[in-house]
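Worksheet for the structure shown next.
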Amino acid sequence: MCRSIKTLRPPALPEEATEEEIRAAALQFVRKVSGFRAPAAHNREVFDHAVDAIAEATAALLDGLEIRGQQQAQKAPA
C-alpha cells in the first residue's frame, strides 16, 4: 500500500473528504501503479484519465459507505 494515500473516511477524517483530497489520493494511486511520478507527454492523456476515473470511483465509494454509529453520533444532542 502506498503510505502517502491517507484514509478518507471517518473516523480517520472527521469531516467529509474534499475533492482535492480525493484527487490527491487518486493521483498517488496512479503514480504507484504506473511507476511514474509524472508521465511522459505521450502517456499524459491515459495517466490523467486514470486519475479522473479513480477519483470518481473513490467519491462514489465514500458516498456509498455506511459507517456504523456515525449517524447516531451526528444526531446526538450537543
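The values are calculated or read from the model by the stated rules, or taken from the named source; none is laboratory data. Predicted model only: the values in this text are computed from it and were never measured. Methodologically, a virtual Cβ is constructed for each residue, glycine included, from the backbone with ideal geometry; neighbour enumeration extends over all protein chains shown. To get the accessible areas, we keep the full protein, side chains included, count just its heavy atoms, and leave off ligands, DNA and RNA. Shrake-Rupley method; radii C 1.70, N 1.55, O 1.52, S 1.80 Å.
Which residues, counting only those in region 24-42, are in a helix (DSSP H, G or I) and surrounded by fewer than 18 Cβ atoms within 10 Å (Cβ to Cβ)?
If the condition is that a residue be in a helix (DSSP H, G or I) and surrounded by fewer than 18 Cβ atoms within 10 Å (Cβ to Cβ), then GLN28, LYS32, VAL33, SER34, ALA41, HIS42 are the ones that fit.
Picking from ASP52, ASP63, which residue would you name as being charged (D, E, K, R), under 20 Å from GLU19 (Cα atoms) and either modelled with pLDDT under 95 or not in a helix (DSSP H, G or I) (or both)?
Matching residue, one of ASP52, ASP63: ASP63.
Which residue is nearest to LEU65 (Cα to Cα), if the candidates are limited to region 12-23 and must be open to solvent by less than 50 Å² (accessible area, probe 1.4 Å) and in a helix (DSSP H, G or I)?
Among residues in region 12-23 that are open to solvent by less than 50 Å² (accessible area, probe 1.4 Å) and in a helix (DSSP H, G or I), the one nearest to LEU65 (Cα to Cα) is ILE22.
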